[in-house]
1. Could you size up the charge dipole of the chain around its Cα centre, putting +1 on the beta carbon of Lys and Arg and -1 on that of Asp and Glu, and report it in debye to the nearest 20?
2. Could you put Met101, Met155 in order, starting from the residue whose Cβ has the fewest other Cβ atoms within 10 Å?
3. Over all pairs of distinct alpha carbons, what does the Kirkwood formula give as the hydrodynamic radius of the stretch 68-111, in Å?
4. To make sure I understand the rule: partners must be lysines, Cα under 20 Å from the Cα of Lys148, and not fewer than 8 residues away in the same chain. Which ones qualify?
5. State which stretch of the chain is the longest one without any exposed trypsin sites (Lys or Arg not before Pro), exposure meaning a DSSP loop state and at most 12 other Cβ atoms within 10 Å.
6. Do you know the relative contact order of the chain, to the nearest whole percent, from alpha carbon pairs under 8 angstrom that are 6+ apart?
7. Report, largest value first, the span of the C-alpha coordinates of the stretch 122-197 along each principal axis, in whole Å.
8. Name the residue, out of Gly197, Gly118, Gly30, whose mean-square fluctuation peaks in a Gaussian network model built on the chain with Cα pairs under 10 Å.
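Just so you know, all these numbers are worked out from the coordinates, no wet-lab data involved. Fair warning: this is a prediction, and the values are worked out from it, not measured in the lab. Here the Cβ is made from the backbone with ideal geometry for all residues, glycine too, and neighbour counts use every protein chain on show.
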Amino acid sequence: MDTIVITGASSGIGLETALLLTQYGYNIIGIGRSEYKCKQANEWIISKNPKAKIKFYLADLLHQREVVRVAEQIIQYLNENCNGKLHAIINNAGCVRSWYMTTDEGYEHQFALNHLAGFLLTYKLLPALIKAKGRVIMTGSESHKGIKINWDNIMLYRRYNPLVAYKQSKLCNMLFAKGLNERYAAEGIHAYVVDPGLVNTDIGNKETGMLVNFIWSLRKRYGVSPAVPAKTYAFLCEQSPPPDGLYYYLCKEKKYSRQVTSQNADRLFALSERLCGIQYGKVQKL
């Protein structure tokens, strides 16, 4: 039975994706930061699919020490139960903020959770992914278009704009996936970004100010159920051989920003490695 790790699995897109993948027969490891919500999510999935193989781990992925800790727990589980193999990781955990906030490491919240958490967690789980010739999937957004990385002020602490910070983090998702493919395609790794579209979730209502909370509460009413984008994650996990594209929406390949270049991916990798204190492998041109 293949195993898939899903971050942000206790609600919204992550929860619906976890349910769908258990129905496809996958063994799911979910990560959430609330013990209560993880317990609720586990019970809800079992109620929908009594045969579901699902296990939750607690971690606040905003903080790198938490990413490392939960990664070590997952590695132990994989070694003991899955021959050290991981079929896929879905880096879905994300946040929106109304004002400038930093982690214990001093990193802006949206950059830290939407990008660095997945960057570090994937690195820690990479040996298990390589062993399974696995897949890495990011939750992206159409909003990655029409923006450039602010290399001189990547945390955006000068004149902070929360929307710009979110859009930049989604461009980082694209560059991370591209960089992974260029470094590890020869090892059988395939990395993707899913654009879920406008989805009725609570992402804009968590730890945001009154204005953002109000606007998102109105906007999300026009969004689709999280069960809709869940099908695209399942599609990318299920296809054999793995699809060759990078950016997907409703199970179909989609055009992405011209900013998604090898040069920008390499620059982001170098910066992110320094911020996380790690080093991925070198680029392997096929």
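1. Details: 36 positive and 23 negative charges, 110 e Å.
Magnitude of the dipole: close to 540 debye.
2. Lowest count first: Met101, Met155.
3. On the way: mean 1/r = 0.0765 Å⁻¹.
The Cα-based Kirkwood calculation yields 13.1 Å.
4. Lys167, Lys170, Lys178, Lys254, Lys255
5. On the way: sites that count: Lys51, Lys148, Arg158, Arg159, Lys255, Arg258, Lys282, Lys285.
In the chain, the maximal stretch lacking such sites is 52-147.
6. Numbers: 537 pairs, mean separation 53.0, N = 286.
Reported relative contact order: 19 percent.
7. 44, 27, 17
8. Gly197
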